[in-house]
Amino acid sequence: MTFLFANSLLAQDRDLLNVNYAVSTLKYNDTVANANLFDVKLKLPVFQKKQHTIVGIVGYKNLSLQNFPADHTGNLHGLTLQGVWIYKLSDRKSLTFFAQTGLFSDLQDVSGKDFRYTAGLRYRVKHSEKLRTGWGLAYSRQFFGNQIIPFIDVDYRPNDKWSITGQFPIKPKVLYHFNDKWSAGIEVSADASSYRLSATESDNQFIQVNQWTGLAKLEYQFAKNWELNIGVGRNFRQSYKLYDDTATTPWTVITMPLGEKPDPIYEIDNNGWNIQVGILFKPF
C-alpha cells in the first residue's frame, strides 16, 4: 500500500507477519507481460505502557516486470521502515499516528532522490462487540507529487458467519466463514506507487504504478496462529507509466490526479488477471 496507501497496521492490527506474492498479467502491442510482486511485512512491538503502544514495522517488496519494454523491464525494490504510536483514549476509543520512510528504486545507484515519505493518523471507535470503525487521513510524498489518502477503517461482524473488514475505499473485504478454519469472499484493493530508476542509466526517471483489483478470496487457518489466503481476480484498472525526473502532478487523491497531468514518456494501460497467495501470522 505497495507504498502504499495508509499503512498495513490499520486494517489488521493482529497480523505480526504478512507475506504475499501476486502475479498480474497484461497485454501491450500483442505482447503478453507479467508483473510479479513479492511483499513481506514484519511488525515489531517496541513499547507498551498503560495508554501508549509503539510498534515498528519493517517491510520489503520486489516488483519484477517481465516482457515489458526495455525502459520498464527489470526488478524494482521497496525497503520501508515505519513507526506507529497508538494512544488509548478510553476502552472504546484510540488515536493512531504513523510515519514511514522508504527506499523505492532499482538499487543501481542509490541517492536521496530514491526515498519516499508517508505520515498520517487514524481515530478509531469501538461502537459495540460487532462494530469498530476508524477514520483516517494519510499523506505520501511520491515521486510523482503529493498524494492524499482518506480512508475509513471498518471491522463489522454481524454474526458468526459474516464479516466486513478493511479500509474503504482502498481495501474492503467481505467474507463468509464456513467454520473456524475456512472462509471465502471478495476483496477490492487499490495501489498507487512509484519507483526511481538509475541516475546514470536512466537520468532519474521514475515508474508510476496504478492498480485497482477485484479478487475472489479463500482463507484457511492451517494452524493455531497461521493463515493461508488465495485470491484470483482481475485488475480492472492497471497502468505502468515512465516519467522524466521533472514530471510531477501537484496533488493526487488516492489514484486520481487533481489538475493537469504530465505526459509520460511511455505508458502501458491494460487490464488483466491477478493471482495472489499469502501467509499471515497472528499470535493474538
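If you scan the range 134-167, which residues turn out to be more than 27 Å from PRO262 (Cα to Cα) and surrounded by fewer than 16 Cβ atoms within 10 Å (Cβ to Cβ)? First the steps, then the outcome.
Restricting attention to the range 134-167, the residues satisfying the condition of being more than 27 Å from PRO262 (Cα to Cα) are 134-136, 152-167.
Scanning the range 134-167 gives TRP135, ILE152, TYR156, PRO158, ASN159, ASP160, LYS161, TRP162.
Residues THR252, THR200: which one is within 18 Å of GLN167 (Cβ to Cβ) and among the polar types (S, T, N, Q)? Steps first, answer last, please.
On the way: THR200 fails: within 18 Å of GLN167 (Cβ to Cβ).
Only one candidate qualifies: THR252.
Report whether or not ASN29 is modelled with pLDDT under 90 and either farther than 26 Å from GLN142 by Cβ or among the acidic types (Asp, Glu) (or both). Show your work before the answer.
Values: modelled with pLDDT under 90: yes; either farther than 26 Å from GLN142 by Cβ or among the acidic types (Asp, Glu) (or both): yes.
Spelling it out, ASN29 is indeed modelled with pLDDT under 90 and either farther than 26 Å from GLN142 by Cβ or among the acidic types (Asp, Glu) (or both).
In the range 129-139, is there at least one residue being out of contact with any strand residue (DSSP E or B) (no Cβ under 6 Å at 6 or more places or on another chain) and of a type in the set (Ser, Thr, Tyr)?
Step one: list which residues in the range 129-139 are out of contact with any strand residue (DSSP E or B) (no Cβ under 6 Å at 6 or more places or on another chain), which gives 129-130.
Restricting the remaining residues to those that are of a type in the set (Ser, Thr, Tyr) gives none.
Checking the range 129-139: not a single residue is out of contact with any strand residue (DSSP E or B) (no Cβ under 6 Å at 6 or more places or on another chain) and of a type in the set (Ser, Thr, Tyr).
State all residues of the range 43-53 that are exposed (fewer than 15 other Cβ atoms within 10 Å of the Cβ) and on the phi < 0 side of the Ramachandran plot; if no residue qualifies, say none. Break it down stepwise before answering.
At the first step, the residues of the range 43-53 found to be exposed (fewer than 15 other Cβ atoms within 10 Å of the Cβ) are 44-52.
Listed by number, the residues that qualify are LEU44, PRO45, VAL46, PHE47, GLN48, LYS49, GLN51, HIS52.
Kindly establish whether GLY78 is crowded, with 21+ Cβ neighbours inside 10 Å and either among the small types (Gly, Ala, Ser) or modelled with pLDDT under 95 (or both). Before the answer, list the steps.
Details: crowded, with 21+ Cβ neighbours inside 10 Å: yes; either among the small types (Gly, Ala, Ser) or modelled with pLDDT under 95 (or both): yes.
Yes: the conditions hold for GLY78.
So which of SER183, SER128 is buried (at least 16 other Cβ atoms within 10 Å of the Cβ) and over 25 Å from GLY78 (Cβ atoms)? Don't jump to the end; show me each part of the working.
Numbers: SER128 fails: buried (at least 16 other Cβ atoms within 10 Å of the Cβ).
Exactly one residue qualifies, and that residue is SER183.
Quick test of your reading of the structure: ARG196 fulfils all but one of (1) closer than 19 Å to ASP15 by Cβ; (2) of a type in the set (D, E, K, R); (3) surrounded by 15 or more Cβ atoms within 10 Å (Cβ to Cβ). Name the failing condition by number.
(1)
What number of residues in the range 244-279 are within 26 Å of LEU137 (Cβ to Cβ) and in a strand (DSSP E or B)?
Counting residues in the range 244-279 that are within 26 Å of LEU137 (Cβ to Cβ) and in a strand (DSSP E or B) gives 8.
Say we look at the range 155-204 and pick out the residues that are within 20 Å of the chain's Cα centre (by Cα) and outside any strand (DSSP E or B); which of these is nearest to ALA247 (Cα to Cα)? Steps first, answer last, please.
Of all residues in the range 155-204, those within 20 Å of the chain's Cα centre (by Cα) come to 155, 164-175, 185-196.
Subsequent filtering for residues that are outside any strand (DSSP E or B) retains 169-170.
Values: PRO169: 27, ILE170: 25 Å.
Among them, the one singled out is ILE170.
The values are calculated or read from the model by the stated rules, or taken from the named source; none is laboratory data. Given the structure is predicted, the values throughout are model-derived calculations rather than measurements. No Cβ is skipped: glycine too gets one built from the backbone with ideal geometry, and neighbour counts run over all protein chains shown.
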